[in-house]
Amino acid sequence: MKVKSIKDAIHGYIRLEEPFWKIIDTAEFQRLKWIEQTSYRVLYPSARHDRFIHSIGVYHLGQKAIQGFLNNCDDKDAEIVKKYKYSFLLACLLHDIGHAPFSHTCENLFSYKEKIGDKNSNINREFLAEIKSHLYDSVYAVFEKDYFSLIIKNPPAVHEIMSSIITCRKFSDYSIFFANDDIGFLDLDLIVRSIIGCCYSYKRTDNEEIRLELGIKNCLIRLLNSSTVDVDKLDYIARDTQMSGYDSIVLDNKRLLDNVCIVNNDGIYYPAFRKGALSVLSNVVIAKNSQAKWIINHPVVIYEAYLLCKAIGTSLANSGLRNENGDILSSDEIISFIFSSASLSKEGHKHSCGVFRLLSDIEILNLMKSNMEHPVVSEYFSRDERKSPVWKSNEEFLFCLDSNEDKAAEIAEYMAPLISFFNDIDDITDACQINSSILENDSLKERQDNETIQNLIKVLLEYRSNVSYVILPAKNTFYARIDADKLYIRFEDSSQNYTTYKKLEGEDKGISDKRYGFFYLYSSQKINPKEFLSYLYEKAHSDTSYAP
């Protein structure tokens, strides 16, 4: 088979077999060159990498993981791994092909005002109809049951569903590239399951041969999309930190993936790592936690995502877009029209003035620049107009309260209704600024806790009457957890001779759940954080309607 090599800044030379480079050359995959990988550039200007190279990097690590499996499992397991090798690698390559513009900031616009956990949502109906048209009825019936179980417990990300839709629609075209007897067949069911992280249920059979095959397939699924360590995480942790310039631990992915193996946990199979990879696994956990705390939850990054989302919403609402019949669309209809699976294709989605096709950051930026007169859009493009965080970390928040977590918890609980109100507003066109005009907000008037929220708004405005604020929640924990209880370490050669990372190391290092819902407050004027938090603490104690 013909092979091409490309040089990657993270992994060195990546070898691409002919079917994969032909897929990379298609318009839908090339679109990923104009999809920003992260929203970190506001903090780290050098982080100019995209979903295109990340997807190729995940494919490369998938190759390494497959080789590790083959080296470390017995002949029977190895035959199954070989059978599904190309299906897994194709899933690795295509796992982000349906990603929204501006990384995760815009992905929920593909399911605007809907919940993925609702099996009757538009996006789920579209997804299930698409995959049903490609699978045998008996295979689809099993998939549907497993998928409905998944969305109840742990719904997939919206971009994973969109990637699966695009993969299904392009599958017949991609399959032609694999028309080679050495490759075998491509299992679309497994490919889609790997993208969305939907494992097969063991409950439908007692046949040990079938259970083993399902187990190996589930190991492949978890190697791409899991709550522990997978090739997707390994690429973006290394790529995001190195491309941003953020000094973090260097990950020895070769050593880690050379040690990929399988464990049998009471008849259920999981991917695992041999004991020789323990030092690298420890570094992965530390690097992931560090990235989550100091980059993903940095106040400037959080505000950038908020501002971008509102600037896009405002621009969409003011676009005056008409459909193909010339009818003016409402703001909700415009979002659904532009952020659709049709807009991601080469053929595109037609409207009265043209076509949205291969949707990327470029189209959205152009739309925003046409609405520069709007304050929130102007603020996005002009950093000197932006609000600043009153405090920049949880550590500073605590320091300003004399390192007293009880005080911090009281303030967070006092402000919780206000945070909840702004967090619950699902209208992307609402800029959510805290100023005197917000008291007339229709969403506020409809709330049962209207009076409580109004009082909290007045408290902020009393401190500085000529200031506007934005309040945004951080996560209750600063860390994107790697589930240490499902991260398996195998000792010796037996698939049943293993333990978990949690048992070896205890809870994930550095993680401590906060007793309070930490938040950031942004102000249009500079505010002394210590004085302000003292003021807020006094207000919490003097407010008779508030009972901590």
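The values are calculated or read from the model by the stated rules, or taken from the named source; none is laboratory data. Predicted, not measured: the structure shown is a model, and the values here were computed from it. We place every Cβ from the backbone using ideal geometry, glycine too, and count neighbours over all the protein chains shown. Calculation scope for accessible area: heavy atoms of the full protein, side chains included, ligands and nucleic acids excluded. Shrake-Rupley method; radii C 1.70, N 1.55, O 1.52, S 1.80 Å.
Dimensions of the range 271-322 from C-alpha coordinates, computed as largest minus smallest value along each principal axis and given longest first, are 60, 27, 8 Å. Counting Cα-Cα pairs of the range 1-140 in 5 Å increments starting at 0 gives whole-percent bin shares of 2, 8, 13, 16, 17, 16, 14, 10, 4, 1, 0.
For the range 82-155, the relative contact order comes to 22 percent (Cα pairs under 8 Å, sequence separation of at least 6). Ranked from largest, the principal axis spans of the Cα set of the range 116-205 equal 40, 31, 20 Å.
Expressed per residue, the C-alpha convex hull volume of the range 210-341 stands at 179 Å³.
Taking only C-alpha pairs under 8 Å that are 6+ residues apart, what is the relative contact order of the range 260-406 in percent? Don't jump to the answer; show the numbers that get you there.
Numbers: 123 pairs, mean separation 28.2, N = 147.
Computed value for the range 260-406: 19 percent relative contact order.
For the chain, the relative contact order works out to 16 percent when only alpha carbon pairs closer than 8 Å and six or more residues apart are counted. Considered as an equivalent ellipsoid built on the Cα gyration tensor, the range 9-88 has semi-axes of 30, 16, 10 Å, the largest given first. Backbone amide hydrogens, once placed in the peptide plane, bring Asp8 within less than 5 Å of Tyr13, Ile14, excluding anything fewer than 5 places away on its chain.
So, in the range 156-261, how many Lys pairs have Cα atoms under 29 Å apart, if the pair is 8 or more places apart or on different chains?
On the way: Lys170/Lys217; Lys170/Lys233; Lys203/Lys217; Lys217/Lys233; Lys217/Lys254; Lys233/Lys254.
So the count of such lysine pairs works out to 6.
Computed per residue of the chain from DSSP H runs no shorter than four, each worth -39500 (n - 2.57), the mean residue ellipticity at 222 nm is -15000 deg cm²/dmol.
Could you tell me which of Leu89, Ser542, Ser163 has its Cα farthest along the dipole of the chain towards the positive end, charges placed at Cβ (Lys, Arg +1; Asp, Glu -1), taken about the Cα centre? So the residue we want is Leu89. Evaluated at q = 0.24 Å⁻¹, the base-10 log of the normalised Debye intensity for the range 430-506, with identical point scatterers placed on the Cα atoms, takes the values -1.11.
What is the ratio of the Cα radius of gyration of the range 156-218 to 2.2 N^0.38 Å, where N is its residue count, to two decimals? If you can, show how the numbers build up before the last one.
Values: Rg = 14.0 Å, N = 63, 2.2 N^0.38 = 10.6 Å.
Ratio of Rg to 2.2 N^0.38 Å for the range 156-218: 1.32.
Ranking His99, His349 by solvent-accessible area of protein heavy atoms (1.4 Å probe, all protein chains present), from largest to smallest, gives His349, His99.
In Å, the Kirkwood hydrodynamic radius of the range 156-274 over pairs of distinct alpha carbons? Walk me through the numbers on the way to the answer.
Numbers: mean 1/r = 0.0606 Å⁻¹.
Answer for the range 156-274: a Kirkwood hydrodynamic radius of 16.5 Å.
In the range 272-367, the inverse of the mean reciprocal separation of distinct Cα atoms equals 16.5 Å; this is its Kirkwood hydrodynamic radius.
Can you tally the net charge around Tyr537? Count Lys and Arg as +1, Asp and Glu as -1, for every other residue whose Cβ sits under 9 Å from the Cβ of Tyr537. Surrounding charge for Tyr537 is 0. Radius of gyration (Cα atoms) of the range 61-153, expressed as a multiple of 2.2 N^0.38 Å: 1.38. In the distance distribution for the range 381-511, Cα-Cα pairs more than 27 Å apart total 43 percent. The Cβ shell under 9 Å around Asn124 holds other residues with a net charge of -1, Lys and Arg each +1, Asp and Glu each -1.
Taking the Cα centre of the range 267-355 as origin and assigning +1 to Lys and Arg Cβ atoms and -1 to Asp and Glu Cβ atoms, the resulting dipole is close to 680 debye.
Here's how it looks for Phe102: its modeled amide H is under 5 Å from those of Glu36, Asp361, which are all 5 or more places away or on a different chain. Taking the longest Cα principal axis of the chain as reference, the axis of helix 137-153 is set at about 40 degrees.
For the chain, what is the charge dipole size about the Cα centre, in debye to the nearest 20, if Lys and Arg each add +1 at the Cβ and Asp and Glu each add -1 at the Cβ? Could you put the intermediate results ahead of the total?
On the way: 65 positive and 78 negative charges, 226 e Å.
Charge dipole, the chain, about its Cα centre: 1080 debye, nearest 20.
Candidates Tyr202, Ser121, Ala141 compared by Cα position along the dipole of the chain: farthest toward the positive end lies Tyr202, with charges placed on Cβ. Considering every alpha-carbon pair of the range 195-237, the percent of pairs per 5 Å bin, from zero through the bin containing the longest distance, is 6, 24, 25, 18, 13, 9, 4, 2. Close amide H partners of Phe519, meaning residues 5 or more places away or on another chain with modelled amide H under 5 Å apart, are Ala474. For the range 98-111, putting each phi into the Karplus relation 6.51 cos²θ - 1.76 cosθ + 1.60 with θ = phi - 60° gives couplings of x, 5, 6, x, 6, 6, 7, 4, 9, 5, 6, 6, 6, 9 Hz, in residue order, rounded to whole numbers and with x for Gly and Pro. When the inverse distances between all different Cα atoms of the chain are averaged and flipped, the Kirkwood radius reads 25.3 angstrom.
Glu324 to Asp146: FRET efficiency via 1/(1 + (r/R0)^6), r the Cβ-Cβ distance, R0 45 Å, to the nearest 0.05? If you can, show how the numbers build up before the last one.
On the way: r = 37 Å, r/R0 = 0.83.
Efficiency for this residue pair is about 0.75.
How many angstrom separate the Cα center of the range 174-193 from the Cα center of the range 327-388? Cα centroid to Cα centroid, the span is 36 Å.
If the limit is 18 Å between Cα atoms, which of Lys153/Lys502; Lys2/Lys33; Lys293/Lys486; Lys33/Lys346 go over it? Intermediate results must be reported in sequence, preceding the final value.
Details: Lys153/Lys502 22 Å; Lys2/Lys33 24 Å; Lys293/Lys486 22 Å; Lys33/Lys346 14 Å.
Going by Cα-Cα distance, Lys153/Lys502; Lys2/Lys33; Lys293/Lys486 fall outside the 18 Å limit.
Coupling constants for the range 400-412 follow from the phi torsions by the Karplus curve (6.51 cos²θ - 1.76 cosθ + 1.60, θ = phi - 60°), and in residue order they are 5, 10, 6, 6, 9, 5, 5, 5, 4, 5, 5, 5, 4 Hz; glycine and proline get x.
For the range 182-193, backbone phi angles converted through the Karplus equation (6.51, -1.76, 1.60; θ = phi - 60°) give residue-by-residue couplings of 6, 8, x, 9, 9, 9, 4, 4, 5, 4, 5, 4 Hz, Gly and Pro being listed as x. Dividing the Cα radius of gyration of the range 325-388 by 2.2 N^0.38 Å, with N the residue count, gives 1.33.
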